1. Consider a paramagnetic label point 7 Å from the Cα of A:Leu6 along Cα→Cβ; state which residues of segment A:88-104 have an amide N under 18 Å from it.
2. So what's the angle, to the nearest 10 degrees on a 0 to 90 scale, between helix B:144-153 and the longest Cα principal axis of chain B?
3. Under the √(5λ) rule applied to the eigenvalues of the Cα gyration tensor, what semi-axes describe the equivalent ellipsoid of segment A:213-302? Give them in Å, descending.
4. How much accessible area does B:Lys87 have with a 1.4 Å probe, in Å² rounded to the nearest 10?
5. Give the cross-link partners of A:Lys298 among the aspartates and glutamates, using a straight C-alpha distance below 12 Å as the criterion and excluding same-chain residues fewer than 8 apart.
6. What's the longest bit of chain A with no exposed GluC sites (Glu not before Pro), using DSSP loop states and at most 13 other Cβ atoms within 10 Å as the test?
7. By its C-alpha gyration tensor, with a ≥ b ≥ c as the square roots of the eigenvalues, how is segment A:127-279 shaped: rounded for a/c under 1.5, else prolate for a/b larger than b/c, else oblate?
8. Name the aspartates and glutamates eligible as straight-distance cross-link partners of B:Lys87: C-alpha to C-alpha under 12 Å, and not fewer than 8 places from it in the same chain.
Amino acid sequence: MVAGELRIADPIHGTVILTPLEAQIVGSRAFQRLRNVKQLGLAHLVYPGADYSRFPHSIGACHVAGRVLHAIRDSGGEVSEGDIALYRVAALLHDIGHFPFSHTTEHALKNFYSEKLLKKAGEAEPAAAGEGEYASHEVAGKQVITEDPELRKILEDGGVDPKTIARVIGREDPESKFKNLVSSDLDADRLDYLCRTAHHTGVPYSVVDLNYVVSQMRLDRNGLICLTDKALRAADHLLLCRYFDYRQVSYHKTVKAFEFLLESLIRRLAEVGRLHCDAKAVRERVASREWYTFDDGKVMESIRAFRESADADDVDKAMADALARRHAPKLIVEHEEFKPRGNKELTLQHKQVMTKVGEWAAEFKVDPRRWFVWKNKITPTKFASHVAAADVGAAVDADELAQSVRVQQRGNAIPLQSVRYSLMHPLADHELTLLRVYVLLDEAELDKREAIAARIRAATDVSWK
Amino acid sequence: MDSNLVAMKLMLDVLQVESTIDDVQKRKLIQKAVYLGQRAGVDLGYRFSWYLMGPYSSVLTKDYYALDDSDREELRGRTLVESAQRKLQGVVPLMQVPAGVELSRPEWVELVASLDYLLTVSGYSFEKAIKVLREEKPKLAPFADRAQEALGASPLGGVPARQV
């Protein structure tokens, strides 16, 4: 064992060995904060074991990044020890800027700050026009890596330029060797995430054959990571894993219901000035080291304080109470169907529902803010590529293709969905469409549920389940 | 429709860029236009990385597909605040191909956005940026000086041709 090395027992990867520099990074306060930022947001309210944090996931991503580069080197690719060290650190720090409750918070804030850029035509310029610039977790991460005094010193003392790490994570440098190792459909982040989520949720459909997939990673002519043609079935399976992860976990009906509550409350916190999260606020938090305690607990504490304050109205209080007591908004009706890609029916169905929500809210005397209409699509081959099998040809967006899982075929790396005998080939031309209506009903109103469902079914042309 | 989709669509309107996505060139133009719009100071929160065709945001891709799937009537009657419009007007000239530049509009805007990205985000010198453009975009590279000129004349400022 090398002095300063750290051995960690990990439920997914077994023994993970961190270098002395990586061990110091993990010991920093900015990294320790990740223990208190859950990877899966509120999924633990449905899958009790799913409360793992970004802390072990980040360590796992570091480990997978190292394994991928070793596999590429072992198969003849040009990979130096310096490359491995650099990309492991980048993978270790790739989530350092995640906000509490991650994507739910970002969605709420993105919309909140975008609205400051908008007004009704003909209206006077609002007083707060354009105030507050939204900062994504990637921007926050860059700030933390380059400006947090403790982390910056650890990196610099370890011979690593923080700006270089930020550039690798952000894929900002054209000369980076392994551009899609940290950011693509086939990256270290996703590989660890899928295995870890399957383990902790108990939902086995997204268990990736990690050892085999990693062993079959290669570099294409552009230095982008791809899979050998031998791994085609494993690649199909990987994308199916992602599909089931989305369908069973991220888009689980009750997980989404709780996220609606949380997003609404975070938005209200921003509106009443109890949560400042624009770019300036993020910079100030990092500089003052307040960032270290900006975690899930902080947001929940803010929600509790808001609930008890004069800023909260009755709907806010009902939402805060529902979240605290695990009383999810009720799923009233749901539509789910595989349709050909590009089909616009979901948009029309959603519009039909949205135009009537106000009317139903009045009829059933349930505040419109308690209604949540959610639509989404899942394409098995997606999640960065929107390219259908039929579109893989001359007029394809090279950058969209570069995001997709690609396999080597006769010396070229091509998107999996363009291989006629891959399972993704027919599936790429279809998407699962989902449309749901939820209502947050108080206990005394639960008997309205069936009547609301009957009204929605009668008033819409949607084939509800 | 999410507010950020509305803001994105309205930004494209001010920049005189179509928001239809049925063609790869149109999608490329959207990517580069939003990049330049953000650089002008109207930040929609998209983070751009360096890809084969220059600055690219996978989240923006997701969003313009989501916009395409949305009910456009929700946009009716909405506009960007004037301060945002003023900032964007400053980069509208960058969306037009100058006389004597034999590139299509998407190619020209790709060149301008790519050069700006290499200089400001990647932190390259002008010489290094040109080297990358020659290697990765040989068709566009001959017009890099014109792109530099256009950036210099815009609020984005550009950098001197010879940067240490």
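1. Within reach of a label on A:Leu6, which here means backbone N under 18 Å from a point 7 Å along Cα→Cβ, segment A:88-104 contributes A:88-98.
2. 60 degrees
3. Values for segment A:213-302, descending: 40, 22, 10 Å.
4. B:Lys87 has an accessible surface of roughly 100 Å² with all protein chains in place.
5. Within the straight-line cut-off, A:Lys298 pairs with A:Glu290.
6. Longest site-free region, per DSSP loop and neighbour criteria: A:309-465.
7. On the way: a/c = 2.34, a/b = 1.19, b/c = 1.96.
Verdict is oblate for segment A:127-279.
8. Correct list for B:Lys87: B:Asp43.
The values are calculated or read from the model by the stated rules, or taken from the named source; none is laboratory data. All values reported here derive from a predicted model rather than from experimental measurement. Neighbour counts are summed over all protein chains in view; Cβ atoms, including those assigned to glycine, are modelled from backbone coordinates with ideal geometry. Side chains are part of the model used for accessible areas, which takes the heavy atoms of the whole protein and leaves out ligands, DNA and RNA. Shrake-Rupley method; radii C 1.70, N 1.55, O 1.52, S 1.80 Å.
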